[in-house]
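**Student:** Quick one: the structure is below, and I'll ask about it shortly.
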Amino acid sequence: MIENPEVQIVVCDDARKWLNQNYRYSVYEAEDFAEDQDWYGFAFVLGSDGSPLSLSDEYISGHECEYIRELSNAEEAQKILTEATGSYANTGAVFEEFAGCLAYDYTNEKAREAAEGIGNRLSSYGFLNEEDCGEREREAAIRYLKEAYGIEDELADELLTELHSEGHGDTEVFCGNCGTIRTHEDVPDAMASIGYHKCAECDEWLKTDAENVLCFDCAAAERTADCKCVPNFVAARKETGRVIEKWELREILLGCDSCYGTRSERFWRS
């Protein structure tokens with residue numbers, strides 16, 4: 001820690017302005033923080049909107065795509081500062097997290113030049129590493145498709161590729177603030193294009209070009225307590241791996257004296 005009481009911490013104007021507007025933190029706290037780091041100055045690395053670059057690793061609200069871009073920019077900014085100053089994660093580091101934002105020693109010339117370069121790049125373009133940000137967005141899109149539609153990695157990747165071919169971007173898939181995928185039929189249509197249809201009775205996706213199909217569990221649920229026509233039919237289809245179209249199950253039930261009268265009106269209509 002700096003022990004000379006006459007040393008004054010230089011707080012840059014942008015940081016001073018932000019601290020004065022933020023009721024949780026003050027210039028005095030920033031100065032104390034800088035002293036604890038053995039810095040002689042304090043400033044924030046600025047993001048694309050001119051505010052301190054966030055280091056938060058938790059999405060809270062707003063555009064999730066903007067949050068992902070912030071994560072990418074924050075990680076890349078630290079790499080740039082590390083290359084510029086040769087210091088990171090040790091007692092000689094010239095940048096650190098303060099109030100969830102990326103701060104640095106304003107009096108360190110190399111750090112200051114690097115930080116100003118970062119701010120200029122973000123204000124003019126918005127990305128420090130577009131390839132990294134794009135990969136993060138793709139991962140977020142695949143993660144959303146897996147969770148929302150109950151599918152595995154390989155199928156989610158194939159589905160996303162099909163959505164791309166239909167003109168949909170990654171952010172449109174996962175970001176609830178700027179996406180349209182969640183409220184339209186784009187996903188079922190894309191799944192049909194790659195050869196999948198949803199079970200008519202549940203959310204399981206089946207590899208088939210046929211429509212109005214049933215998964216084995218939903219088909220088996222149509223059995224009656226004292227008849228084996230449905231279980232036998234389902235077992236045979238499981239053995240061959242063929243999906244069951246709903247009309248086929250109707251034919252089985254129509255031909256069974258024991259089962260015909262037990263089907264609900266909904267089953268025959270759907």
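Nothing in this text is a laboratory measurement; each read-out follows from the coordinates by a stated rule. Note that this is a predicted model, so its numbers are computed, not measured. All Cβ positions, glycine included, derive from the backbone under ideal geometry; neighbour counts span all protein chains shown.
**Student:** Cα-based count: Lys pairs in the chain below 27 Å, eight or more positions apart or different chains?
**Tutor:** So the count of such lysine pairs works out to 17.
**Student:** Considering only DSSP states other than H, G, I, E and B, which chymotrypsin sites (Phe, Trp or Tyr not before Pro) in region 68-131 qualify as loop sites with at most 15 other Cβ atoms within 10 Å?
**Tutor:** Those satisfying the criteria are Y88, Y125.
**Student:** Additional query: Is there a quick way to get the dipole size of region 20-167? I mean about its Cα centre, with the Cβ of Lys and Arg at +1 and of Asp and Glu at -1; what is the value in debye to the nearest 20? List each step's numbers first, then the result.
**Tutor:** Working: 10 positive and 35 negative charges, 100 e Å.
Dipole size: approximately 480 debye.
**Student:** Region 19-88: which trypsin sites (Lys or Arg not before Pro) are DSSP loop and have at most 12 other beta-carbon atoms within 10 angstrom? Please list the in-between numbers first.
**Tutor:** On the way: sites: R24, R69, K79; in loops: R24.
Within region 19-88, the qualifying trypsin sites (Lys or Arg not before Pro) (loop, at most 12 other Cβ atoms within 10 Å) are R24.
**Student:** Could you give the dipole magnitude of region 151-239 about its Cα centre, charging the beta-carbon of Lys and Arg +1 and that of Asp and Glu -1, in debye to the nearest 20?
**Tutor:** On the way: 7 positive and 21 negative charges, 109 e Å.
Dipole size: approximately 520 debye.
**Student:** If R0 is 45 Å, what FRET efficiency do you get for S165 and D257 from their C-beta distance, rounded to 0.05?
**Tutor:** 0.35
**Student:** Would you mind working out the magnitude of the charge dipole of the chain relative to its Cα centre, with +1 at each Lys and Arg C-beta and -1 at each Asp and Glu C-beta, to the nearest 20 Debye? Show your work: numbers first, answer last.
**Tutor:** On the way: 25 positive and 58 negative charges, 298 e Å.
Result for the chain is approximately 1440 debye, rounded to the nearest 20.
**Student:** Additional query: Kindly give Rg over Rh for region 149-259, based on alpha-carbon atoms, with the Kirkwood expression for the hydrodynamic radius.
**Tutor:** Numbers: Rg = 17.4 Å, Rh = 15.7 Å.
Value, to two decimals: 1.10.
**Student:** For every helix of n ≥ 4 consecutive DSSP H residues, a contribution of -39,500 (n - 2.57) applies; sum these over the chain, divide by its total residues, and give [θ] at 222 nm rounded to the nearest 500 deg cm²/dmol. Could you put the intermediate results ahead of the total?
**Tutor:** Numbers: 13 runs with 138 residues, N = 270.
The helix contribution divided over the chain gives -15500 deg cm²/dmol.
**Student:** Could you check the spin-label model distance between H184 and E130? Points 7 Å from the Cα along Cα→Cβ, value in nm.
**Tutor:** Modelled inter-label distance: 2.4 nm.
**Student:** Just want the answer: with Cβ charges of +1 for Lys and Arg and -1 for Asp and Glu, which residue in A210, I142, A111 is farthest toward the dipole's positive end in the chain?
**Tutor:** A210
**Student:** Which length gain, in nm to one decimal place, applies between A235 and V27 when the Cα-Cα distance is subtracted from 0.36 nm times their residue separation?
**Tutor:** Working: separation 208, 0.36 × 208 = 74.88 nm, distance 7.30 nm.
Using 0.36 nm per residue and subtracting the Cα-Cα distance, I get 67.6 nm.
**Student:** Put a dot 7 Å past each Cα toward the Cβ at E147 and E116; how far apart are the dots in nm?
**Tutor:** Label-label distance for E116 and E147, simple model: 4.2 nm.
**Student:** Quick check: residue separation of D38 and A192 times 0.36 nm, minus the Cα distance between them. What number comes out in nm?
**Tutor:** Length gained, D38 through A192: 49.3 nm.
**Student:** Now a separate question. Kirkwood Rh, the chain, all Cα pairs: how many Å?
**Tutor:** Numbers: mean 1/r = 0.0431 Å⁻¹.
When all Cα pairs of the chain are included, the Kirkwood radius is 23.2 Å.
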